[in-house]
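Participant: Please read through the structure below; I'll follow up with questions.
Read the figures in this text as sums done on the coordinates, not as results from a lab. Because the structure is a prediction, the values reported are computed rather than measured. Cβ coordinates were reconstructed from backbone atoms using ideal geometry, including for glycine residues, and neighbour counts include every protein chain displayed.
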């Protein structure tokens with residue numbers, strides 16, 4: 001056992017939702033919400049919400065590749081959001097909600113390209129996948145109140161109405177891979 005941790009960075013809609021999903025997986029050590037892919041240094045949530053900074057709401061996942069593979073993370077990524085809607089996830093609209101994979105090395109880039117090719121060839125989605133595949137650059141941590149949002153706010157309306165159904169769907173398919 002090498003105990004080497006790896007990092008994956010995904011933009012797949014609201015980071016409150018995606019953080020709640022990926023935190024459940026065995027092998028995932030941390031999930032940090034934040035911002036990536038924009039032009040403004042140290043953006044705030046309020047700035048990113050305007051859609052003018054170029055950033056995506058994203059999560060940075062630190063994981064043990066001996067427990068869960070990058071490919072398995074990609075499977076969850078594609079299963080738990082709609083990669084065919086440009087700059088939109090459900091009622092959340094704007095470039096900050098785009099579907100994006102920010103690869104940390106050539107292997108991650110290759111895996112991302114291959115899974116999109118596979119999903120396309122299998123006809124999993126009726127519309128084309130619009131997920132961008134971009135080299136990782138700078139990730140800005142979201143403000144403290146966004147971290148562990150679902151865990152700290154399970155009874156909040158958004159959590160009950162939006163995150164709970166996503167978690168239910170996720171658990172039906174990936175329940176055996178959860179902590």
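Participant: Working carefully through the options 30, 62, find the one that is surrounded by fewer than 18 Cβ atoms within 10 Å (Cβ to Cβ), assigned to a strand (DSSP E or B) and touching a residue at least 40 places away in the same chain (Cβ under 8 Å). Break it down into steps so the answer makes sense when it comes.
Facilitator: Working: 30 fails: touching a residue at least 40 places away in the same chain (Cβ under 8 Å).
Testing whether each residue is surrounded by fewer than 18 Cβ atoms within 10 Å (Cβ to Cβ), assigned to a strand (DSSP E or B) and touching a residue at least 40 places away in the same chain (Cβ under 8 Å) leaves just 62.
Participant: For the stretch 115-135, enumerate the residues that are over 19 Å from residue 13 (Cα atoms) and either touching a residue at least 60 places away in the same chain (Cβ under 8 Å) or more than 18 Å from the chain's Cα centre (by Cα) (or both).
Facilitator: 117, 118, 120, 121, 122, 123, 124, 126
Participant: Being touching a residue at least 40 places away in the same chain (Cβ under 8 Å) and surrounded by fewer than 23 Cβ atoms within 10 Å (Cβ to Cβ) is the filter; apply it to the stretch 42-52 and report the residue that is farthest from residue 143 (Cα to Cα).
Facilitator: 51
Participant: Right, another one. List the strands (runs of 3 or more DSSP E) that sit entirely inside the stretch 74-179 and contain at least 3 residues that are touching a strand residue (DSSP E or B) at 6+ places or on another chain (Cβ under 8 Å) and exposed (fewer than 14 other Cβ atoms within 10 Å of the Cβ). Let's see the steps before the verdict.
Facilitator: On the way: elements: 99-103, 132-135, 139-141.
Correct list: empty, since no element meets the threshold.
Participant: Inspect all residues belonging to the stretch 2-11 and state whether any of them is farther than 20 Å from residue 107 by Cβ and either in a helix (DSSP H, G or I) or within 16 Å of the chain's Cα centre (by Cα) (or both).
Facilitator: Start the filter on the stretch 2-11 by keeping residues that are farther than 20 Å from residue 107 by Cβ, which leaves none.
No, the stretch 2-11 contains no residue that is farther than 20 Å from residue 107 by Cβ and either in a helix (DSSP H, G or I) or within 16 Å of the chain's Cα centre (by Cα) (or both).
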